[in-house]
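Read the structure below first, then the notes.
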Amino acid sequence: MAEQWQDVLDHAVAVAQKAGKVVREALQSDRKVSTKSSSIDLVTQTDQKVEQLIIQSVKETFPAHRFIGEESVAAGEPCDLTDEPTWIIDPIDGTTNFFPLAFLLIMGVVYSCLEDKMFVARRGKGAFCNGKQLRVSDQKDIHCSIVATEFGSNRDGGAVEKIFSSLRKVVCLPVHGVRGAGSAAINLCLVASGCVEAYYEIGVHVWDVAAGALMVTEAGGVLMDVEGGALDMMSRRILAANNRHIAEQIVGQIQAFTPQRDDAP
Ligand code: IPD
């Protein structure tokens, strides 16, 4: 990536720190929560405030840049990924703790504000946490592997059945353990950091995974669709792993389904 993008990355990190401060302060006070697609899919006033803060700040510095933001899309804005420089923003992933964003899929920033961990990835330049380079686990044995996943916010009976059935099969491979950080972005950072070998989920959105996905590939890991094909960022399905061998064994256990795409008209 040309050095010309350094100012954009610096801006992303600075605005993530600013947003993290707002999130930390909000956690000290009462949270006003409303719902999005279902009673499980929550949005707080802080999500909306933080997304606006990011968009405003970027617009002032980079007026030509475009945005795909979780809260803006929920409010009816389009979810179109074009060739224009685009910031993909999830103001708070996992309801309370985290803040990921990606820019043009060539850089990603995930700020775990309560832990004060700033994850940064640049295509071709590696992934880092607070300046320390990340590397995926070198584990090759699925039986010694830890797999992260989430139940998501879909409460449709058929989908929930498939989520549980897949999880049962993954557990019984057997794997060493199953975890879930409560945030797709952080689960991907855990893969990139070598803390877990893999993460999969059906139902995520592009803003949940764009930044973390780059973190994984820049740390030496692989990304694919849950049925084993190429990852499609708008498909709402993702499998990330430390290597292809581990990924393919998980693929064999997943009962896939197809949520409505993020870029569906
Ligand atoms: C959610 C979180 C959660 C995952 C959901 C996401 P949100 O994001 O990442 O871990 O299971 O699929 O939608 O709604 O808290 O930004």
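The values are calculated or read from the model by the stated rules, or taken from the named source; none is laboratory data. Note that the structure is predicted; figures quoted are calculated from it, not measured. For neighbour counting, all protein chains shown are included, and Cβ atoms are generated from backbone atoms with ideal geometry for every residue, glycine included.
With the structure loaded, tell me whether G182 is closer than 19 Å to I250 by Cβ, within 16 Å of the ligand (Cβ to nearest atom), in a loop (DSSP other than H, G, I, E, B) and not basic (K, R) or whether it fails that test.
Answer is no for this residue.
Residues are listed down the side, and each one gets a yes or a no for (1) in a helix (DSSP H, G or I); (2) more than 22 Å from S112 (Cα to Cα); (3) in the same structural domain as I88 (by the TED database):
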{"residue": "V196", "(1), (2), (3)": "no, no, no"}
{"residue": "V209", "(1), (2), (3)": "yes, no, no"}
{"residue": "L214", "(1), (2), (3)": "yes, no, no"}
{"residue": "E227", "(1), (2), (3)": "no, yes, no"}
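May I ask you to list the residues in the stretch 185-214 that are within 14 Å of the ligand (Cβ to nearest atom) and among the hydroxyl-bearing types (S, T, Y)?
Those that are within 14 Å of the ligand (Cβ to nearest atom) and among the hydroxyl-bearing types (S, T, Y): Y199, Y200.
May I ask you to verify whether P265 is at pLDDT 95 or above and not assigned by the TED database to the domain that holds I146?
no
Are any residues in the stretch 116-142 over 24 Å from G20 (Cβ atoms) and within 18 Å of the chain's Cα centre (by Cα), and if so, which ones?
Within the stretch 116-142, R135, V136 meet the criteria.
Got at least one residue in the stretch 211-226 being small (G, A, S), buried (at least 18 other Cβ atoms within 10 Å of the Cβ) and over 18 Å from I106 (Cα atoms)?
Within the stretch 211-226, none of the residues are small (G, A, S), buried (at least 18 other Cβ atoms within 10 Å of the Cβ) and over 18 Å from I106 (Cα atoms).
Just give me the residues in the stretch 131-148 being β-branched (V, I, T) and either modelled with pLDDT under 95 or touching a Gly at 6+ places or on another chain (Cβ under 6 Å) (or both), in sequence order.
V136, I146
Every residue in the stretch 140-154 that is outside any helix (DSSP H, G or I) and surrounded by 13 or more Cβ atoms within 10 Å (Cβ to Cβ), please.
Scanning the stretch 140-154 gives S145, I146, V147, A148, T149, E150, F151, G152, S153, N154.
Condition first: within 25 Å of G177 (Cα to Cα) and either within 16 Å of the ligand (Cβ to nearest atom) or touching a helix residue (DSSP H, G or I) at 6+ places or on another chain (Cβ under 9 Å) (or both). Now tell me which residues in the stretch 147-162 satisfy that.
Correct list: V147, A148, T149, E150, F151, G152, S153, N154, R155, A159, V160, K162.
Answer yes or no as to whether S137 is part of a helix (DSSP H, G or I), more than 16 Å from the ligand (Cβ to nearest atom) and not aromatic (F, W, Y).
In short, no.
Only one of these is of a type outside the set (F, W, Y), under 24 Å from G157 (Cα atoms) and either away from the ligand (no atom under 16 Å from the Cβ) or without any contact (Cβ under 8 Å) to a residue 40 or more places away in the chain (or both): I250, I254. Name it.
I250
When the stretch 78-98 is examined, which residues are found to be part of a loop (DSSP other than H, G, I, E, B), charged (D, E, K, R) and either out of contact with any helix residue (DSSP H, G or I) (no Cβ under 9 Å at 6 or more places or on another chain) or modelled with pLDDT under 85 (or both)?
D80, D83, E84
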